[in-house]
Amino acid sequence: MNSRRTKSRCPHPVLPTRKGDMTRLGVVFRPQLPPERLRAVTRTADDVGLEELWLWEDCFREGGISTAAAALAWSERVRVGVGLLPVPLRNVALTAMETASLHRMFPGRATVVVGHGVQDWMAQVGARPASPLTLLGEHLDALRALLAGQRLTVRGRYVTLDDVGLDWPPDTPAQVFAGATGPRTLRLSGARADGTVLTASTSPDGVRRARQLVDEGRRETGRTDPHTVVVYLLAATGAGAETRLRAELAAEGLESAQDVGVAGDATAVARAVRRLAEAGADTVVLQPTGDEPDPEGFVRFTAEEVRPLVP
C-alpha cells in the first residue's frame, strides 16, 4: 500500500486557525478521468465525509451539469460544484433551467460557476465573443434574476429574453459564482456574482489581490452581502509527488511561479491550504495532477489526513 494512504500512528501537528472562521475543503474530479470513474470517486467522497467535490466542464471532455446531476444522485451529503460553465456555449435560459433543477432536486448541495471559458476553445466551436466581459456581465445579471423567480425582458448585446421566467425556480436563494482571473473580471464578479472562483495558478498574494479587486466591485455597486472566494490548489502526494507536480506546472507554463502548488504529506498540503485561507480564501479545492494514480485515495487523503489539520 502506498504510504500516503496509511494513517500515521503519530498525530500530525494541528495548524493554527483563523479566529471564528473555518476553511472548507474540497477535491476536483479531473476530466482527464473518463466519466465512468465519477461514481466511485463520488461515493468515496460521500463515505469519508469530504465537504465538496468539484467538476469541470472542460472542452471537449465532460459536461458540467450532466456530471453534477449524476454525482449528486450518487451521494447523500457531499456538496458538488461545477467550476465552471463557459457562458459562450450556453443560452442563459438553459443555464437557469438546469441550475434551478439541480437546486430543487438536491437542495443546498449544488454550486454553479459561470465564466468566460478558454477563448481558443470558444473559437473552435464558433462561439468566441467580441467582448467576453460584456457577455459574462449580461449572463450573470439574467441568470441571477431568473433563479430569483423574476420574469425578464432583456435586449442586451448578447443576452436577449422576451418575457422569460422559470416555472420551477429554486425554492431557496441560489447563489451564482463567477470564475475570474483578470482585474476587470474580478471587479465584475464582486459587483454581479455571489462568489468568485480562482484558478490553481493563484498564489496567496494573488488571493489577496483578487479579494481587493472583488471588494472594489462590491463597493462600486453597494453590495454588503457575503461573497465567497474559492481557490484551486494543485496538490500531489505519495510516490513521485514532486515529479508529477513539476511536470504539471511546466505543462501549464508555471515553472517559475512562486508559491503555487504543493507536493508532500498531509502536513505540507495543510500548510499550503492554510496560507491561501489566511490570504482570504473561504474554500480551498485540492486539484490533483492530471495523472493522479489513485483518485479515490486522493479523496480519502484529503478528508482523513488533511482535513483534521485545517480545522
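The values are calculated or read from the model by the stated rules, or taken from the named source; none is laboratory data. Because the structure is predicted, anything quoted here is derived from the model rather than measured. When we count neighbours, we look across all protein chains shown, and the Cβ atoms used for this are built from the backbone with ideal geometry, even at glycine. We work out accessible area using only protein heavy atoms, side chains counted, and drop any ligands, DNA or RNA first. Shrake-Rupley method; radii C 1.70, N 1.55, O 1.52, S 1.80 Å.
Candidates are the residues of the range 218-248 that are free of Cβ contacts under 8 Å to residues at least 40 places away in the same chain and either within 19 Å of Gly83 (Cβ to Cβ) or among the β-branched types (Val, Ile, Thr) (or both); the one that is least open to solvent (accessible area, probe 1.4 Å) is His227. Of everything in the range 132-157 that is farther than 12 Å from Val87 by Cβ and polar (S, T, N, Q), the residue that is farthest from the chain's Cα centre (by Cα) is Thr153. Considered as a group, the residues in the range 271-311 that are β-branched (Val, Ile, Thr) and assigned to a helix (DSSP H, G or I) include one that is nearest to Ala200 (Cα to Cα), and that residue is Val273. Filter the range 2-20 down to residues that are open to solvent by 80 Å² or more (accessible area, probe 1.4 Å) and charged (D, E, K, R) and give me whichever is modelled with the lowest pLDDT. For the range 2-20, the residue satisfying everything is Arg9. The set of residues in the range 149-172 that are over 12 Å from Ala100 (Cβ atoms) and either in a loop (DSSP other than H, G, I, E, B) or among the hydrophobic types (A, V, I, L, M, F, W, C) (or both) comprises Gln150, Arg151, Leu152, Val154, Gly156, Arg157, Tyr158, Val159, Leu161, Val164.
Can you confirm whether Ala174 is among the aliphatic types (A, V, I, L, M), in contact with a helix residue (DSSP H, G or I) (Cβ under 9 Å, 6 or more places away or on another chain) and closer than 19 Å to Gln287 by Cα?
Here the answer is no, as Ala174 does not meet what is asked.
Looking at the range 73-96, is at least one residue over 15 Å from the mean Cα position of the chain (by Cα), open to solvent by less than 10 Å² (accessible area, probe 1.4 Å), modelled with pLDDT of 95 or more and of a type in the set (S, T, N, Q)? For the range 73-96, residues over 15 Å from the mean Cα position of the chain (by Cα), open to solvent by less than 10 Å² (accessible area, probe 1.4 Å), modelled with pLDDT of 95 or more and of a type in the set (S, T, N, Q): present. As a summary of the residue check, Leu186 satisfies the conditions (1) open to solvent by 40 Å² or more (accessible area, probe 1.4 Å); (2) touching a residue at least 12 places away in the same chain (Cβ under 8 Å); (3) out of contact with any His (no Cβ under 9 Å at 6 or more places or on another chain) except for the one numbered (1).
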